[in-house]
Amino acid sequence: MDTAPRAGPNHTRADTSTWVFFCLATLLTLAPLMRGGNRQLAIGVLLAVGLFTLASLITHKLSAAASTRQPAPSRPKLWTAAIALLATSPLWLALLQLTPIPAELWTSLAGRQDYLSALGSIGQQPPELLPLSLNPNATRAALWSALPASVAFVAALMLQRRDTDRLLAILLAAAAVQTLIAVLQIGGGKTSLFYFGSSHAGSVIGTFNNRNHLADFLGMSVPLWFYFALRSSPKHRTGIARLIPRNAWWPVWIVFGFAMVVVLLLTQSRGGLLSTSLALIGCGWLMLRTQSQQLSPRMRWAAIAALAFTIVAALISVGLEDLAKRVQADRLIVDANVRNAYTLSTVQALQHFWPWGSGAGTFEAVFPRFQDLQTIGYVEYAHNDYPQLLMELGIFALPLIAAVLYLAIYQLRQLKRSTPPRKTIRNSTLQRQLAGLGALVLLLHSTVEFNTHIPALAITCAFLAGVYLRPITATSSASDED
(Lines give C-alpha, C1' and ligand atoms only; values in the text may rest on other atoms or scores of the structure.)
Protein backbone atom coordinates (compact mmCIF):
# COMPACT_ATOMS: atom_id res chain seq x y z
CA MET A 1 0.00 0.00 0.00
CA ASP A 2 1.36 3.43 -1.01
CA THR A 3 1.93 5.94 1.74
CA ALA A 4 2.30 9.66 1.38
CA PRO A 5 5.78 10.95 2.10
CA ARG A 6 6.16 12.73 5.39
CA ALA A 7 7.37 16.24 5.56
CA GLY A 8 10.94 16.38 6.80
CA PRO A 9 12.34 18.90 9.23
CA ASN A 10 13.71 21.07 6.40
CA HIS A 11 10.27 21.22 4.81
CA THR A 12 8.69 22.21 8.13
CA ARG A 13 11.32 24.90 8.62
CA ALA A 14 10.64 26.27 5.14
CA ASP A 15 6.91 26.39 5.89
CA THR A 16 7.42 28.35 9.10
CA SER A 17 9.84 30.71 7.35
CA THR A 18 7.17 31.35 4.70
CA TRP A 19 4.64 32.14 7.42
CA VAL A 20 7.05 34.60 9.07
CA PHE A 21 7.61 36.30 5.73
CA PHE A 22 3.89 36.46 4.93
CA CYS A 23 2.95 37.86 8.35
CA LEU A 24 5.72 40.44 8.30
CA ALA A 25 4.86 41.47 4.73
CA THR A 26 1.26 41.96 5.84
CA LEU A 27 2.39 44.04 8.82
CA LEU A 28 4.61 46.31 6.70
CA THR A 29 1.93 46.71 4.05
CA LEU A 30 -0.97 47.53 6.37
CA ALA A 31 0.92 49.78 8.80
CA PRO A 32 0.83 53.05 6.78
CA LEU A 33 -2.65 52.65 5.30
CA MET A 34 -4.84 54.04 8.11
CA ARG A 35 -3.28 57.25 9.40
CA GLY A 36 0.03 55.46 9.92
CA GLY A 37 -1.62 53.02 12.33
CA ASN A 38 -2.37 55.87 14.72
CA ARG A 39 -6.03 54.95 15.22
CA GLN A 40 -7.62 52.43 17.59
CA LEU A 41 -8.93 50.17 14.83
CA ALA A 42 -5.64 50.35 12.94
CA ILE A 43 -3.48 49.54 15.97
CA GLY A 44 -5.83 46.66 16.81
CA VAL A 45 -5.28 45.16 13.37
CA LEU A 46 -1.51 45.73 13.55
CA LEU A 47 -1.38 44.16 17.01
CA ALA A 48 -3.25 41.07 15.77
CA VAL A 49 -0.86 40.71 12.81
CA GLY A 50 2.07 41.28 15.15
CA LEU A 51 0.91 38.49 17.45
CA PHE A 52 0.54 36.14 14.47
CA THR A 53 4.06 37.11 13.37
CA LEU A 54 5.38 36.47 16.88
CA ALA A 55 3.78 33.01 16.95
CA SER A 56 5.30 32.26 13.54
CA LEU A 57 8.72 33.43 14.75
CA ILE A 58 8.59 31.18 17.80
CA THR A 59 7.50 28.20 15.68
CA HIS A 60 10.23 28.94 13.14
CA LYS A 61 12.88 29.16 15.85
CA LEU A 62 11.78 25.88 17.43
CA SER A 63 11.67 24.04 14.09
CA ALA A 64 15.07 25.43 13.14
CA ALA A 65 16.54 24.25 16.45
CA ALA A 66 15.05 20.78 15.93
CA SER A 67 16.18 20.41 12.30
CA THR A 68 19.80 21.51 12.52
CA ARG A 69 22.65 19.98 14.43
CA GLN A 70 25.10 22.74 13.66
CA PRO A 71 26.02 24.98 16.57
CA ALA A 72 24.74 28.52 16.40
CA PRO A 73 27.30 31.12 15.28
CA SER A 74 29.15 32.54 18.24
CA ARG A 75 28.43 36.18 18.97
CA PRO A 76 29.54 38.43 21.82
CA LYS A 77 27.50 37.90 24.94
CA LEU A 78 26.97 41.63 25.21
CA TRP A 79 25.49 41.66 21.67
CA THR A 80 23.06 38.89 22.58
CA ALA A 81 22.12 40.63 25.82
CA ALA A 82 21.52 43.95 24.05
CA ILE A 83 19.30 42.34 21.40
CA ALA A 84 17.32 40.47 24.07
CA LEU A 85 16.94 43.65 26.13
CA LEU A 86 15.46 45.58 23.19
CA ALA A 87 13.31 42.73 21.86
CA THR A 88 11.70 41.99 25.22
CA SER A 89 11.41 45.60 26.40
CA PRO A 90 7.56 45.70 26.22
CA LEU A 91 7.45 42.68 28.53
CA TRP A 92 9.92 43.74 31.21
CA LEU A 93 8.70 47.33 31.18
CA ALA A 94 5.17 46.04 31.75
CA LEU A 95 6.39 44.01 34.71
CA LEU A 96 8.22 46.99 36.22
CA GLN A 97 5.59 49.65 35.63
CA LEU A 98 2.34 47.70 36.02
CA THR A 99 3.09 45.38 38.95
CA PRO A 100 1.20 46.73 42.01
CA ILE A 101 3.24 47.82 45.02
CA PRO A 102 2.08 48.89 48.52
CA ALA A 103 0.66 52.40 48.69
CA GLU A 104 3.17 53.41 51.41
CA LEU A 105 6.10 52.49 49.17
CA TRP A 106 4.40 54.12 46.16
CA THR A 107 4.01 57.40 48.08
CA SER A 108 7.72 57.53 48.87
CA LEU A 109 8.67 57.42 45.18
CA ALA A 110 9.53 60.64 43.36
CA GLY A 111 6.59 62.64 42.06
CA ARG A 112 3.84 60.47 43.61
CA GLN A 113 2.94 62.24 46.83
CA ASP A 114 1.12 65.08 45.07
CA TYR A 115 -1.36 62.68 43.48
CA LEU A 116 -2.28 61.02 46.78
CA SER A 117 -2.65 64.47 48.37
CA ALA A 118 -5.05 65.42 45.58
CA LEU A 119 -7.12 62.27 46.28
CA GLY A 120 -7.20 63.09 49.97
CA SER A 121 -8.36 66.65 49.31
CA ILE A 122 -11.56 65.33 47.72
CA GLY A 123 -12.14 62.73 50.41
CA GLN A 124 -10.97 59.70 48.39
CA GLN A 125 -8.94 56.91 49.95
CA PRO A 126 -6.07 55.56 47.84
CA PRO A 127 -5.99 51.84 47.01
CA GLU A 128 -3.76 49.58 49.07
CA LEU A 129 -1.78 48.57 45.99
CA LEU A 130 -0.74 50.87 43.15
CA PRO A 131 1.34 50.29 39.99
CA LEU A 132 4.41 52.41 39.34
CA SER A 133 2.76 54.03 36.30
CA LEU A 134 0.62 57.10 36.96
CA ASN A 135 -1.77 56.05 34.21
CA PRO A 136 -1.79 52.23 33.95
CA ASN A 137 -4.27 52.16 31.06
CA ALA A 138 -2.08 54.46 28.98
CA THR A 139 0.98 52.35 29.82
CA ARG A 140 -0.76 49.14 28.76
CA ALA A 141 -1.82 50.75 25.48
CA ALA A 142 1.69 52.09 24.81
CA LEU A 143 3.42 48.77 25.50
CA TRP A 144 0.91 46.78 23.44
CA SER A 145 1.45 49.27 20.62
CA ALA A 146 5.20 48.68 20.81
CA LEU A 147 4.82 44.92 20.32
CA PRO A 148 4.51 44.94 16.47
CA ALA A 149 7.69 47.04 16.20
CA SER A 150 9.57 44.63 18.49
CA VAL A 151 8.39 41.67 16.41
CA ALA A 152 9.46 43.38 13.15
CA PHE A 153 12.89 44.04 14.69
CA VAL A 154 13.44 40.40 15.69
CA ALA A 155 12.08 39.03 12.40
CA ALA A 156 14.50 41.19 10.41
CA LEU A 157 17.38 39.67 12.36
CA MET A 158 16.26 36.11 11.64
CA LEU A 159 15.17 36.11 8.00
CA GLN A 160 17.40 35.16 5.08
CA ARG A 161 18.65 37.97 2.85
CA ARG A 162 16.46 36.86 -0.05
CA ASP A 163 13.33 37.27 2.08
CA THR A 164 14.66 40.52 3.49
CA ASP A 165 15.13 41.85 -0.05
CA ARG A 166 11.52 41.06 -0.84
CA LEU A 167 10.33 42.86 2.28
CA LEU A 168 12.45 45.89 1.44
CA ALA A 169 10.86 45.86 -2.02
CA ILE A 170 7.43 45.80 -0.37
CA LEU A 171 8.40 48.84 1.73
CA LEU A 172 9.54 50.64 -1.41
CA ALA A 173 6.27 49.72 -3.12
CA ALA A 174 4.43 51.21 -0.12
CA ALA A 175 6.46 54.40 -0.62
CA ALA A 176 5.40 54.41 -4.28
CA VAL A 177 1.75 54.15 -3.21
CA GLN A 178 2.21 57.06 -0.79
CA THR A 179 3.85 59.09 -3.56
CA LEU A 180 0.97 58.39 -5.94
CA ILE A 181 -1.68 59.29 -3.34
CA ALA A 182 0.18 62.52 -2.53
CA VAL A 183 0.23 63.45 -6.24
CA LEU A 184 -3.53 62.79 -6.44
CA GLN A 185 -4.07 64.95 -3.36
CA ILE A 186 -2.17 67.79 -5.00
CA GLY A 187 -4.14 67.39 -8.21
CA GLY A 188 -7.53 67.31 -6.44
CA GLY A 189 -6.87 70.16 -4.03
CA LYS A 190 -8.39 70.42 -0.55
CA THR A 191 -11.57 68.64 -1.70
CA SER A 192 -9.69 65.61 -3.02
CA LEU A 193 -11.25 62.27 -2.09
CA PHE A 194 -7.72 60.98 -1.50
CA TYR A 195 -7.48 62.83 1.81
CA PHE A 196 -9.94 60.21 3.11
CA GLY A 197 -11.64 62.70 5.42
CA SER A 198 -8.48 64.00 7.09
CA SER A 199 -8.71 67.32 8.90
CA HIS A 200 -5.33 68.25 7.38
CA ALA A 201 -6.66 68.48 3.82
CA GLY A 202 -4.53 70.89 1.83
CA SER A 203 -1.20 69.52 3.09
CA VAL A 204 0.66 66.69 1.38
CA ILE A 205 0.09 63.80 3.81
CA GLY A 206 -0.54 60.58 1.86
CA THR A 207 -2.47 58.19 4.10
CA PHE A 208 -0.88 59.69 7.22
CA ASN A 209 -2.43 62.47 9.28
CA ASN A 210 0.60 64.72 9.35
CA ARG A 211 2.99 65.89 6.64
CA ASN A 212 5.96 65.25 8.94
CA HIS A 213 5.01 61.60 9.16
CA LEU A 214 4.75 61.21 5.39
CA ALA A 215 8.12 62.95 5.02
CA ASP A 216 9.66 60.57 7.53
CA PHE A 217 8.24 57.49 5.79
CA LEU A 218 9.49 58.65 2.39
CA GLY A 219 12.82 59.67 3.92
CA MET A 220 13.33 56.16 5.27
CA SER A 221 12.49 54.80 1.80
CA VAL A 222 15.02 56.91 -0.13
CA PRO A 223 18.01 54.70 0.87
CA LEU A 224 16.00 51.66 -0.28
CA TRP A 225 15.70 53.25 -3.73
CA PHE A 226 19.48 53.50 -3.83
CA TYR A 227 19.85 49.90 -2.62
CA PHE A 228 17.86 48.40 -5.48
CA ALA A 229 19.61 50.73 -7.93
CA LEU A 230 23.14 49.94 -6.75
CA ARG A 231 23.06 46.27 -5.82
CA SER A 232 24.78 43.82 -8.15
CA SER A 233 22.63 41.99 -10.66
CA PRO A 234 21.37 38.63 -9.29
CA LYS A 235 21.82 35.46 -11.30
CA HIS A 236 18.12 34.69 -11.53
CA ARG A 237 15.76 37.63 -12.04
CA THR A 238 12.46 36.28 -10.73
CA GLY A 239 10.10 37.39 -7.99
CA ILE A 240 9.42 40.74 -6.41
CA ALA A 241 12.98 41.29 -5.18
CA ARG A 242 14.24 41.05 -8.78
CA LEU A 243 12.33 44.15 -9.89
CA ILE A 244 15.61 46.01 -10.07
CA PRO A 245 16.26 48.92 -12.44
CA ARG A 246 18.18 47.75 -15.49
CA ASN A 247 18.28 48.70 -19.11
CA ALA A 248 14.74 49.75 -20.14
CA TRP A 249 13.62 50.04 -16.51
CA TRP A 250 16.16 52.74 -15.64
CA PRO A 251 14.06 55.69 -16.91
CA VAL A 252 11.04 54.45 -14.94
CA TRP A 253 13.19 53.99 -11.85
CA ILE A 254 14.66 57.49 -12.14
CA VAL A 255 11.20 59.02 -12.59
CA PHE A 256 10.00 57.17 -9.48
CA GLY A 257 12.95 58.43 -7.42
CA PHE A 258 12.45 61.97 -8.72
CA ALA A 259 8.72 61.87 -7.87
CA MET A 260 9.47 60.60 -4.37
CA VAL A 261 11.92 63.48 -3.76
CA VAL A 262 9.43 66.04 -5.16
CA VAL A 263 6.65 64.80 -2.87
CA LEU A 264 9.06 64.84 0.06
CA LEU A 265 9.84 68.49 -0.72
CA LEU A 266 6.14 69.29 -1.07
CA THR A 267 5.53 68.12 2.49
CA GLN A 268 7.65 71.13 3.55
CA SER A 269 8.68 69.17 6.63
CA ARG A 270 11.87 70.89 7.74
CA GLY A 271 12.96 68.11 10.06
CA GLY A 272 12.13 65.46 7.48
CA LEU A 273 14.03 67.28 4.73
CA LEU A 274 17.08 67.85 6.91
CA SER A 275 17.31 64.25 8.14
CA THR A 276 16.72 62.91 4.62
CA SER A 277 19.41 65.24 3.25
CA LEU A 278 21.94 63.77 5.66
CA ALA A 279 20.91 60.26 4.59
CA LEU A 280 21.26 61.32 0.94
CA ILE A 281 24.86 62.31 1.58
CA GLY A 282 25.51 58.80 2.89
CA CYS A 283 23.70 57.27 -0.09
CA GLY A 284 25.78 59.38 -2.48
CA TRP A 285 29.00 58.26 -0.81
CA LEU A 286 27.96 54.61 -1.03
CA MET A 287 26.98 55.11 -4.68
CA LEU A 288 30.51 56.28 -5.46
CA ARG A 289 31.99 53.56 -3.27
CA THR A 290 30.12 50.74 -5.00
CA GLN A 291 30.98 52.05 -8.45
CA SER A 292 34.58 52.96 -7.64
CA GLN A 293 36.07 50.25 -9.87
CA GLN A 294 33.71 50.95 -12.77
CA LEU A 295 33.92 54.76 -12.79
CA SER A 296 36.84 56.99 -13.66
CA PRO A 297 37.40 60.11 -11.53
CA ARG A 298 35.69 62.17 -14.22
CA MET A 299 32.66 59.87 -14.20
CA ARG A 300 32.45 60.08 -10.41
CA TRP A 301 32.20 63.87 -10.60
CA ALA A 302 29.60 63.45 -13.33
CA ALA A 303 27.57 61.18 -11.04
CA ILE A 304 27.76 63.75 -8.23
CA ALA A 305 26.69 66.49 -10.65
CA ALA A 306 23.76 64.38 -11.87
CA LEU A 307 22.57 63.79 -8.29
CA ALA A 308 22.90 67.50 -7.48
CA PHE A 309 21.06 68.43 -10.68
CA THR A 310 18.21 66.08 -9.78
CA ILE A 311 17.83 67.68 -6.35
CA VAL A 312 17.91 71.21 -7.82
CA ALA A 313 15.36 70.24 -10.46
CA ALA A 314 13.11 68.83 -7.74
CA LEU A 315 13.43 72.07 -5.76
CA ILE A 316 12.51 74.16 -8.79
CA SER A 317 9.56 71.92 -9.65
CA VAL A 318 7.89 72.40 -6.24
CA GLY A 319 8.29 76.17 -6.24
CA LEU A 320 10.91 77.76 -4.03
CA GLU A 321 8.65 80.52 -2.70
CA ASP A 322 6.46 78.32 -0.46
CA LEU A 323 9.46 76.32 0.69
CA ALA A 324 11.35 79.52 1.48
CA LYS A 325 8.51 80.67 3.74
CA ARG A 326 8.98 77.57 5.86
CA VAL A 327 12.64 78.39 6.48
CA GLN A 328 12.34 82.12 7.07
CA ALA A 329 14.29 83.23 10.12
CA ASP A 330 11.28 84.70 11.95
CA ARG A 331 9.20 81.56 11.51
CA LEU A 332 12.09 79.29 12.44
CA ILE A 333 12.66 81.25 15.64
CA VAL A 334 8.98 81.14 16.65
CA ASP A 335 8.66 77.40 15.97
CA ALA A 336 11.99 76.68 17.66
CA ASN A 337 10.92 78.63 20.76
CA VAL A 338 7.69 76.63 21.02
CA ARG A 339 9.49 73.31 20.69
CA ASN A 340 12.19 74.40 23.12
CA ALA A 341 9.47 75.32 25.62
CA TYR A 342 7.97 71.84 25.22
CA THR A 343 11.39 70.27 25.72
CA LEU A 344 12.27 72.36 28.79
CA SER A 345 8.91 71.57 30.39
CA THR A 346 9.48 67.88 29.63
CA VAL A 347 12.91 68.04 31.25
CA GLN A 348 11.29 69.65 34.30
CA ALA A 349 8.83 66.75 34.47
CA LEU A 350 11.71 64.32 33.94
CA GLN A 351 13.49 65.72 36.99
CA HIS A 352 10.29 65.65 39.03
CA PHE A 353 9.68 61.93 38.39
CA TRP A 354 13.30 60.78 38.27
CA PRO A 355 14.44 58.04 38.64
CA TRP A 356 11.23 56.02 38.27
CA GLY A 357 9.50 57.92 35.47
CA SER A 358 5.81 58.60 35.14
CA GLY A 359 5.07 55.47 33.10
CA ALA A 360 5.15 54.60 29.40
CA GLY A 361 2.47 56.47 27.44
CA THR A 362 1.60 58.84 30.31
CA PHE A 363 2.98 62.08 28.82
CA GLU A 364 -0.43 63.33 27.70
CA ALA A 365 -1.90 62.80 31.18
CA VAL A 366 0.86 64.30 33.34
CA PHE A 367 2.37 67.02 31.13
CA PRO A 368 -0.30 69.74 31.63
CA ARG A 369 0.88 70.49 35.18
CA PHE A 370 4.37 71.24 33.80
CA GLN A 371 3.32 73.04 30.61
CA ASP A 372 4.76 76.51 30.12
CA LEU A 373 2.05 79.17 30.25
CA GLN A 374 3.51 80.75 27.10
CA THR A 375 2.68 77.64 25.07
CA ILE A 376 -1.05 77.48 24.45
CA GLY A 377 -3.05 74.50 23.29
CA TYR A 378 -3.31 70.84 24.21
CA VAL A 379 0.03 69.03 23.98
CA GLU A 380 -0.03 65.27 23.34
CA TYR A 381 3.70 64.77 22.74
CA ALA A 382 6.92 66.56 23.62
CA HIS A 383 7.94 66.93 19.95
CA ASN A 384 11.28 65.50 20.99
CA ASP A 385 11.05 61.80 21.66
CA TYR A 386 14.22 61.50 23.72
CA PRO A 387 13.35 63.71 26.71
CA GLN A 388 9.86 62.20 26.62
CA LEU A 389 11.37 58.70 26.73
CA LEU A 390 13.42 59.61 29.79
CA MET A 391 10.45 61.30 31.45
CA GLU A 392 8.15 58.30 30.99
CA LEU A 393 10.61 55.46 31.62
CA GLY A 394 13.04 57.18 33.97
CA ILE A 395 16.15 55.19 34.74
CA PHE A 396 14.77 52.20 32.80
CA ALA A 397 15.35 54.14 29.56
CA LEU A 398 19.11 54.20 30.11
CA PRO A 399 19.79 50.51 29.36
CA LEU A 400 17.65 50.81 26.21
CA ILE A 401 19.64 53.81 25.00
CA ALA A 402 22.92 52.11 25.89
CA ALA A 403 21.88 48.95 24.01
CA VAL A 404 21.01 50.92 20.87
CA LEU A 405 24.30 52.83 20.92
CA TYR A 406 26.36 49.70 21.54
CA LEU A 407 24.67 47.71 18.76
CA ALA A 408 24.92 50.58 16.25
CA ILE A 409 28.64 51.14 16.90
CA TYR A 410 29.43 47.42 17.04
CA GLN A 411 27.72 46.79 13.69
CA LEU A 412 29.41 49.80 12.12
CA ARG A 413 32.78 48.35 13.03
CA GLN A 414 31.79 44.92 11.72
CA LEU A 415 30.66 46.40 8.39
CA LYS A 416 33.91 48.33 8.07
CA ARG A 417 35.92 45.15 8.64
CA SER A 418 33.84 43.12 6.19
CA THR A 419 34.70 45.45 3.28
CA PRO A 420 38.42 46.21 3.00
CA PRO A 421 39.41 49.45 1.25
CA ARG A 422 39.31 49.41 -2.57
CA LYS A 423 37.15 46.30 -2.57
CA THR A 424 33.66 46.09 -4.05
CA ILE A 425 30.89 46.31 -1.46
CA ARG A 426 28.87 43.09 -1.36
CA ASN A 427 25.10 43.17 -1.68
CA SER A 428 24.66 41.91 1.88
CA THR A 429 26.85 44.72 3.24
CA LEU A 430 25.16 47.32 1.05
CA GLN A 431 21.77 46.14 2.27
CA ARG A 432 22.77 46.61 5.90
CA GLN A 433 24.38 50.00 5.32
CA LEU A 434 21.45 51.54 3.46
CA ALA A 435 18.88 50.05 5.85
CA GLY A 436 20.84 51.69 8.65
CA LEU A 437 20.68 55.04 6.86
CA GLY A 438 16.92 54.59 6.52
CA ALA A 439 16.51 53.98 10.26
CA LEU A 440 18.78 56.96 10.97
CA VAL A 441 16.29 59.28 9.21
CA LEU A 442 13.63 58.58 11.85
CA LEU A 443 16.08 58.74 14.75
CA LEU A 444 17.28 62.18 13.65
CA HIS A 445 13.82 63.53 12.81
CA SER A 446 12.52 62.41 16.21
CA THR A 447 14.58 65.16 17.88
CA VAL A 448 11.90 67.62 16.71
CA GLU A 449 8.87 65.37 16.24
CA PHE A 450 7.03 62.42 17.80
CA ASN A 451 7.63 59.92 14.99
CA THR A 452 8.46 56.95 17.22
CA HIS A 453 4.90 57.15 18.58
CA ILE A 454 3.38 56.58 15.11
CA PRO A 455 3.05 52.78 14.72
CA ALA A 456 3.80 52.65 10.98
CA LEU A 457 6.98 54.68 11.40
CA ALA A 458 8.08 52.74 14.48
CA ILE A 459 7.51 49.40 12.72
CA THR A 460 9.36 50.54 9.59
CA CYS A 461 12.30 51.90 11.59
CA ALA A 462 12.47 48.78 13.78
CA PHE A 463 12.52 46.55 10.69
CA LEU A 464 15.25 48.62 9.03
CA ALA A 465 17.25 48.61 12.27
CA GLY A 466 16.94 44.82 12.40
CA VAL A 467 18.20 44.58 8.81
CA TYR A 468 21.14 46.84 9.68
CA LEU A 469 22.01 44.73 12.74
CA ARG A 470 21.79 41.35 10.99
CA PRO A 471 24.81 39.37 12.23
CA ILE A 472 27.89 39.16 10.02
CA THR A 473 29.72 35.83 10.31
CA ALA A 474 32.77 34.42 8.56
CA THR A 475 30.56 32.76 5.94
CA SER A 476 27.64 35.14 5.73
CA SER A 477 29.36 37.69 3.52
CA ALA A 478 29.63 35.13 0.75
CA SER A 479 26.61 32.95 1.43
CA ASP A 480 24.27 35.93 1.60
CA GLU A 481 24.97 36.78 -2.03
CA ASP A 482 22.45 35.58 -4.58
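The values are calculated or read from the model by the stated rules, or taken from the named source; none is laboratory data. Keep in mind the model is a prediction, meaning the values are calculated, not measured. Positions of Cβ are generated from backbone atoms using ideal geometry, with glycine treated the same way; all protein chains shown enter the neighbour counts. To get the accessible areas, we keep the full protein, side chains included, count just its heavy atoms, and leave off ligands, DNA and RNA. Shrake-Rupley method; radii C 1.70, N 1.55, O 1.52, S 1.80 Å.
Just a few scattered comments:
- On inspection, Leu95 fails the criterion of being closer than 27 Å to Ala456 by Cα and touching a Gly at 6+ places or on another chain (Cβ under 9 Å).
- Qualifying positions in the range 92-135 - in a helix (DSSP H, G or I) and touching a residue at least 40 places away in the same chain (Cβ under 8 Å): Leu93, Ala94, Leu96, Gln97, Leu98
- All of (1) at pLDDT below 95; (2) assigned to a helix (DSSP H, G or I); (3) among the hydroxyl-bearing types (Ser, Thr, Tyr) hold for Thr447 with one exception: (2).
- In the set (1) modelled with pLDDT under 90; (2) over 18 Å from the mean Cα position of the chain (by Cα), the condition left unmet by Leu180 is number (1).
- Evaluation of Gly377 against (1) open to solvent by less than 20 Å² (accessible area, probe 1.4 Å); (2) on the phi > 0 side of the Ramachandran plot (one fails), failing number: (1)
- When Ala229, Ala176 are checked against the criterion of being farther than 25 Å from Arg270 by Cα and in contact with a helix residue (DSSP H, G or I) (Cβ under 8 Å, 6 or more places away or on another chain), a single residue qualifies: Ala229.
Every residue, every condition in (1) modelled with pLDDT under 95; (2) of a type outside the set (S, T, N, Q); (3) touching a strand residue (DSSP E or B) at 6+ places or on another chain (Cβ under 7 Å); (4) surrounded by 18 or more Cβ atoms within 10 Å (Cβ to Cβ), yes or no:
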{"position": "Ala397", "(1), (2), (3), (4)": "no, yes, no, yes"}
{"position": "Leu400", "(1), (2), (3), (4)": "no, yes, no, no"}
{"position": "Val404", "(1), (2), (3), (4)": "no, yes, no, no"}
{"position": "Arg417", "(1), (2), (3), (4)": "yes, yes, no, no"}
{"position": "Arg422", "(1), (2), (3), (4)": "yes, yes, no, no"}
{"position": "Arg426", "(1), (2), (3), (4)": "yes, yes, no, yes"}
{"position": "Thr429", "(1), (2), (3), (4)": "yes, no, no, yes"}
{"position": "Gly438", "(1), (2), (3), (4)": "no, yes, no, yes"}
{"position": "Thr452", "(1), (2), (3), (4)": "yes, no, no, yes"}
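- Some residue of the range 183-199 being closer than 24 Å to Gln433 by Cα and either at pLDDT 90 or above or charged (D, E, K, R) (or both): no
- Contact map, the range 143-163: residues that are open to solvent by less than 10 Å² (accessible area, probe 1.4 Å) paired with residues that are among the polar types (S, T, N, Q), Cβ distance under 6 Å, separation 6+ or inter-chain. Pairs shown: Val151/Thr53; Arg161/Ser428.
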